[in-house]
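A.B. asks: Quick one: the structure is below, and I'll ask about it shortly.
The values are calculated or read from the model by the stated rules, or taken from the named source; none is laboratory data. Fair warning: this is a prediction, and the values are worked out from it, not measured in the lab. In this analysis, Cβ positions are derived from the backbone assuming ideal geometry, glycine residues included, and neighbour counts consider all displayed protein chains. The area values use the complete protein model at the heavy-atom level, side chains included, leaving out ligands, DNA and RNA. Shrake-Rupley method; radii C 1.70, N 1.55, O 1.52, S 1.80 Å.
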Amino acid sequence: MKKIIRGVVIPLFVAILFGMILGRYAFRTYRGTLMDTLTSRKLYLLENGEYETFDDMREDNSTYNYIYYYDDNKYKSVIGITRNYDNISKIKSIYGDNLRVTEYYLPNDKIDYRQDEYDLKLFETTDINEMKGVMDDILGLYHSEDKTRLIGFN
């Protein structure tokens, strides 16, 4: 009986104790990131390009309605934002297939409630002019000077 206790129960107890200690350490280490991810919603950003200078970005995107952000010492222009993965192909059909799709998570309190309404309109329409209008409306939701924090996954 002592062999069974030593051979099974003690290693099992040590493994459970070790797992609890490592779990608590991992939770404390990643608590902020974990909470941000759990209280966030996914957005797909369709980027037209990355630019070294602000003037290069403005020149290349002069025919589009766009928003931009500065990341990794580059300006990145966004010409489409959607929460619905199926809308990506529609947006690419308007602006071309050379768009880069990036998945980001935005805190729930930063997502405008109208985003879902506009995504539904975009999904239901087939008229190119109406799709462009909806895309302009979506970009208008996020066109501001505040410091919105996006959580990116590549």
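A.B. asks: I need every pair where a residue in region 114-142 that is more than 18 Å from residue 92 (Cβ to Cβ) and of a type in the set (S, T, N, Q) has its Cβ under 8 Å from the Cβ of a residue that is assigned to a helix (DSSP H, G or I) and open to solvent by 10 Å² or more (accessible area, probe 1.4 Å), sequence separation at least 6 or different chains.
C.D. replies: 115/141
A.B. asks: Given 45, 99, which one is within 30 Å of residue 27 (Cα to Cα), under 17 Å from the mean Cα position of the chain (by Cα) and of a type outside the set (Asp, Glu)?
C.D. replies: 45
A.B. asks: In region 26-55, what count of residues is obtained for those that are open to solvent by less than 80 Å² (accessible area, probe 1.4 Å) and at pLDDT 80 or above?
C.D. replies: The total comes to 12.
A.B. asks: Being open to solvent by 40 Å² or more (accessible area, probe 1.4 Å), touching an Asp or Glu at 6+ places or on another chain (Cβ under 8 Å) and under 10 Å from residue 44 (Cβ atoms), is that true of even one residue in region 80-88?
C.D. replies: yes
A.B. asks: Provide a single number: the residues in region 91-137 that are within 22 Å of residue 41 (Cβ to Cβ), at pLDDT 85 or above and open to solvent by less than 40 Å² (accessible area, probe 1.4 Å).
C.D. replies: 8
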